[in-house]
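**Q** Quick one: this structure, given as structure tokens, is what I'll be asking you about.
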Amino acid sequence: MTDALFLGLDVGSSSTKGVLVDASGRTEAVVELPHTISRPRTGWAEQDAERDWWDSVAEACRRLSAGRAARVTAVGICGLGPCLLPADGDGLPLRPAILYGIDTRAREQIERLTAELGADEILARCGSVLSSQSVGPKLRWLAEREPKVWAAARHVFGAGSYLVFRLTGEYVLDHHSASHWAPLYDVSRNEWIGEWSDVVASGLALPRLVWPHETSGRLSREAAAATGLPEGIPVAGGTIDSWAEVAASGLRGPGEGLLVYGTSMFVTEVHTPARLDRRLWGTVGFAPGALNVAAGVGSAGALMAWLRELTGGASFDELYEEAAGAGPGAGGLLALPYFAGERAPLFDPDLRGALLGLTAAHGRGHLFRALLEATAFAVRQDLETMGEAGATISRLRSSGGGTSDPLWPQIVSDVTGLAQEVRYGGSGAGVGAAFFAAVAAGAATLADAWPAPGATVEPCVALRETYDELYAQYRGLAQATLLQAHALAGWQRRRGWSGEHGGSRGHPGQSGDVPD
């Protein structure tokens, strides 16, 4: 397979990326196609699976396969998640996809399912408590709030599994993604929980479970015509994009963590000695018996994109330069990054963002710096929580689009006191998907790790006292504004305010009710 190429596809929050990687791990070509998240109501986050997922994937494949199709040996898929896409018997979407933890519509269902099944029992069997990251409560929300859609549903997909279906016709879901579908999946037994599936998704056939690196099916004739790829090549099982980043990073055991810088942030320890903790996600990994703990910052790169658009669309290079000039502490400006609530370890969809310390002397660079520092404080809280649960992270590997400028990783290292081995390039998840494709094709094993360019970021010891003080202020601000944040979140819900197109706007087939 010396001439073979492996195609990795990564459908993210803001774009679809495709990469072609050879058997040595060298990236030969990359394409990126932008798309957006729709926020039609307060707490909702959605994407059009046909346009934002399938059309962009087909176009990425056509571009990458031009002149190289005969060399493409296998395909791997990853995508944002965990998501929920209901589809009919032919696999046609019945509504826009409901996205991962930034979509907080199922608060009532989380509370009721937790009461029905028991919080401790859910944690013991599913590895995590129910939260906005869990697919199960969103399935119940769909049944209760959109009964016509529910009645027509015959398939339920995540982003990666929908694309696998479009490429192969196979109805599958990888075990890692399934471990985010609480309370439907047992992380110890690596199987669906039949009695709980009947409670949450009665009458709905759940997908066949596969591992991310397994061949889920082969490229169909229809998919070959749409993508330009060779018919019959293997397609790997696929997974969530953050887990594909883990595969690309070479992280395989405890003691090191992976931090992904993206629209949101994700930190995990693989094969962890940590115990299950209700403040963290406990998920499965590459094979049976592999338990991982993770946490996530709900809004990260999304904050930077928000400020960029709000202030006139300056280049990110310019914004990072201004932020560097603002200096540590951003001139006494402190931010809370909870623009979409917060995921682990707080699991509070009604938290809201804040800026404190503003004066007329502050400029755009101070604001940008304060948002960068806020995400770093959130990562520090994640790491502290993981340590309290028994994780042993003493060094971080880092990847994702946010590593393209050195300032953000440097701030995170300064705030956390941890060095980072930064892997450059924003296509790590796509490379991870290509790696799974290589394993499925027999050209690699899970024990392998593809090399990647990078650099080491060391924390600045001189800034530790400064950031310790600011971190304490950050934690205090979050606690002091809790009641006000919850009250404002309720105000937004009661008025159906989303901020998109000036107010609430639904989709065909949705109920007219605004979630409580």
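**Q** Which whole number of Å³ per residue matches the convex hull of the alpha-carbon atoms in the range 121-194?
**A** Working: hull volume 7.6 nm³, N = 74.
Given the Cα convex hull of the range 121-194, per-residue volume reads 103 Å³.
**Q** OK, next. Average the reciprocal distances over every distinct pair of alpha-carbons in the range 169-294, invert the result, and give the Kirkwood radius in Å. Display every interim value, and only then the final one.
**A** Details: mean 1/r = 0.0623 Å⁻¹.
Roughly 16.0 Å, rounded to one decimal.
**Q** Counting just the Cα atoms, what span does the range 314-359 cover along each of its three principal axes? Round to the nearest Å and put the largest first.
**A** For the range 314-359, the Cα spread along each principal axis is 34, 24, 17 Å.
**Q** State the dimensionless ratio Rg/Rh of the range 35-150 (Rg: radius of gyration of Cα atoms; Rh: Kirkwood radius). Before the final figure, lay out the partial values.
**A** Numbers: Rg = 17.5 Å, Rh = 16.3 Å.
Dividing the radius of gyration by the Kirkwood radius yields 1.08.
**Q** What net charge is computed for the residues neighbouring TYR185, neighbours being all others with C-beta under 12 Å from the C-beta of TYR185, Lys and Arg scored +1, Asp and Glu -1?
**A** Values: positive: ARG125, ARG189; negative: ASP174, ASP186, GLU191.
Every neighbour counted, the sum reads -1.
**Q** Here's something else I'd like to know. With Cβ to Cβ distances under 12 Å as the rule, what net charge do the other residues near ALA69 carry (K, R +1; D, E -1)?
**A** Numbers: positive: ARG62, ARG63, ARG68, ARG71; negative: GLU231.
Summing Lys and Arg as +1 and Asp and Glu as -1 gives +3.
**Q** May I ask you to derive the FRET efficiency for LEU356 and TRP497 from their Cβ-Cβ distance with R0 = 22 Å, giving the value to the nearest 0.05?
**A** Numbers: r = 23 Å, r/R0 = 1.04.
FRET efficiency, LEU356 to TRP497: 0.45.
**Q** Quick one, can you get me the convex hull of the C-alpha atoms of the range 383-462 expressed as volume per residue in Å³? It would help to have the intermediate numbers written out before the result.
**A** On the way: hull volume 9.0 nm³, N = 80.
It is 113 Å³ per residue.
**Q** Next question, about the same structure. Roughly how many nanometres apart are two label points built 7 Å out from the Cα toward the Cβ at ARG51 and THR456?
**A** With each label point 7 Å from Cα toward Cβ, the separation is 4.8 nm.
**Q** May I pose another question? Just to confirm my numbers, what's the Cα centroid distance between the range 90-161 and the range 379-423 in Å?
**A** Rounded to whole Å, the Cα centres lie 30 Å apart.
**Q** Full extension from ASP88 to ALA151: what is 0.36 nm times the residue separation minus their Cα-Cα distance, to one decimal in nm?
**A** Details: separation 63, 0.36 × 63 = 22.68 nm, distance 0.93 nm.
Result for the pair: 21.7 nm of gain on full extension.
**Q** Give me the net charge for the shell around ALA49: Cβ to Cβ below 12 angstrom, other residues only, Lys and Arg +1, Asp and Glu -1.
**A** Details: positive: ARG51, ARG95, ARG166; negative: GLU46, ASP48, GLU50, ASP52, ASP55.
Residues near ALA49 contribute -2 overall.
**Q** Alpha carbons only, please: Rg and Dmax for the chain, in angstrom.
**A** 21.6, 63
**Q** Given just the C-alpha atoms of the range 60-119, how large is their convex hull per residue in cubic angstrom? Before the final figure, lay out the partial values.
**A** Working: hull volume 10.3 nm³, N = 60.
Hull volume normalised by residue count: 172 Å³.
**Q** Just from its helices, what would the mean residue ellipticity at 222 nm be for the chain, if runs of 4 or more DSSP H residues each count -39500 (n - 2.57) and the sum is divided by every residue, rounded to the nearest 500 deg cm²/dmol?
**A** My calculation for the chain gives -10500 deg cm²/dmol from helical runs alone.
**Q** At a temperature of 4 °C and a viscosity of 1.567 mPa s, determine how fast the range 5-244 diffuses translationally according to Stokes-Einstein, using the Kirkwood radius over alpha-carbon pairs as Rh; express D in µm²/s, rounded to the nearest whole number.
**A** Values: Rh = 18.0 Å.
Estimated via Stokes-Einstein, D reaches 72 µm²/s.
**Q** Could I ask something else about it? Just to check I understand the Karplus step: with θ = phi - 60° and J = 6.51 cos²θ - 1.76 cosθ + 1.60, what whole-Hz values come out for the range 220-234, glycine and proline as x?
**A** After applying 6.51 cos²θ - 1.76 cosθ + 1.60, I find 6, 4, 5, 5, 4, 5, 6, 10, x, 8, x, 4, x, 6, x Hz.
**Q** Something else about it: Take the Cβ-Cβ distance between ALA487 and ARG221 as r, set R0 to 45 Å, and report the resulting FRET efficiency rounded to the nearest 0.05. The partial results should precede the final answer.
**A** On the way: r = 56 Å, r/R0 = 1.26.
Calculated value: 0.20.
**Q** Going by amide H atoms built from the backbone, whose H comes under 5 Å of the H on THR239, apart from near neighbours?
**A** Those lying under 5 Å, H to H, from THR239 are ILE77, CYS78, GLY79.
**Q** Please compute P(r) over all alpha-carbon pairs of the range 1-81, binned at 10 Å starting from zero, and give each bin as a whole-number percent.
**A** Once binned at 10 Å, the Cα pair distances of the range 1-81 give 18, 46, 24, 9, 3, 0.
Values quoted throughout were computed directly from the atomic coordinates according to the rules given, and no laboratory measurement underlies them. Predicted, not measured: the structure shown is a model, and the values here were computed from it. A quick note on method: Cβ atoms are made from the backbone with ideal geometry, for glycine too, and the neighbour counts reach across all protein chains shown.
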